[in-house]
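The values are calculated or read from the model by the stated rules, or taken from the named source; none is laboratory data. Not measured: the values here are computed from a predicted model. Glycine gets a Cβ as well: all are built from the backbone with ideal geometry, and neighbour counts include every protein chain shown.
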Amino acid sequence: MSERNDLSGQKYGRLTVVECAGRNRCNRIMWKCVCECGNVVIARSDALKSGDVQSCGCLNNEQRSQRFIRMNTTHGKRNTRLYVVWCDMRRRCNDNRAPEYKNYGARGIRVCNEWNNDFKSFYDWAMANGYDETANRGECTIDRIDVNGEYSPDNCRFVDYFTQGSNKRNNRLITHNGETKTQSEWARHYGKNRAFFCGPEELIERRMSGCDAYMRKFGKVPPRVHCVRRNA
């Protein structure tokens, strides 16, 4: 080995190179190093020189611990439901490994800089705009008013699951008597399930007109009809 390529005695981060440790299966030179904490590690030349490896792992552990302490010291909300909402929102927009990324980040949906980099900013907005930490599951969820817009103060609100479900790209809109609603909203209006509003527009219109006539006559929504299967 030439003197120029000998890393013995050199220091990279917390690691001091002791001696050459042979080559790996890819024929790359490996080096035996001693960390400041006393642990011994084997690392490649390029990993040492690029800074990818700077310790035995103790440096990363310390940095993670410091980040945890700093985050809890900054806002003290790490274990709250709202902090989970913030993390989930950022993950589905920023992490291409997240299952939901295809419906958010891949479509160009982003979290505004004000929220993406600062939980405290998101927290302050949420508390001033209807967030309820004690609400039952599904009663206080974050919703984008414009489903193609970003997560930002002027495009978000807290609503229940039903309202959020009525604000989706794939919702079917039905107009009846000059009023437009989603299938779910009409189903709630007439006391029916969503399947009642499936099919051709002419069929749906006849069904809704029949419901209107029933309500005018009896002053209440028509009862649901349950089909009974006869035994063979």
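Out of curiosity, is ARG91 among the charged types (D, E, K, R), within 25 Å of SER65 (Cβ to Cβ) and in a helix (DSSP H, G or I)?
yes
Please work out if ARG91 is farther than 18 Å from ARG157 by Cα and modelled with pLDDT of 85 or more.
Considered against the rule, which asks whether it is farther than 18 Å from ARG157 by Cα and modelled with pLDDT of 85 or more, ARG91 comes out as yes.
Would you call VAL17 closer than 30 Å to SER121 by Cα, modelled with pLDDT of 90 or more and not polar (S, T, N, Q)?
Against the criterion (closer than 30 Å to SER121 by Cα, modelled with pLDDT of 90 or more and not polar (S, T, N, Q)), VAL17 does not qualify.
Report those helices (runs of 4 or more DSSP H) wholly inside segment 100-214 carrying at least 2 residues which are under 28 Å from the mean Cα position of the chain (by Cα) and at pLDDT 80 or above.
Per the criteria, 113-116, 119-128.
Looking for whichever is more than 30 Å from GLU133 (Cβ to Cβ), modelled with pLDDT of 90 or more and in contact with a helix residue (DSSP H, G or I) (Cβ under 8 Å, 6 or more places away or on another chain) here; the options are SER55, SER45. Which one fits?
SER45
Here is a list of conditions, (1) part of a loop (DSSP other than H, G, I, E, B); (2) exposed (fewer than 14 other Cβ atoms within 10 Å of the Cβ); (3) out of contact with any strand residue (DSSP E or B) (no Cβ under 7 Å at 6 or more places or on another chain), and LYS77 meets all of them except one; can you say which number that is?
Of (1) part of a loop (DSSP other than H, G, I, E, B); (2) exposed (fewer than 14 other Cβ atoms within 10 Å of the Cβ); (3) out of contact with any strand residue (DSSP E or B) (no Cβ under 7 Å at 6 or more places or on another chain), only one is false for LYS77: (2).
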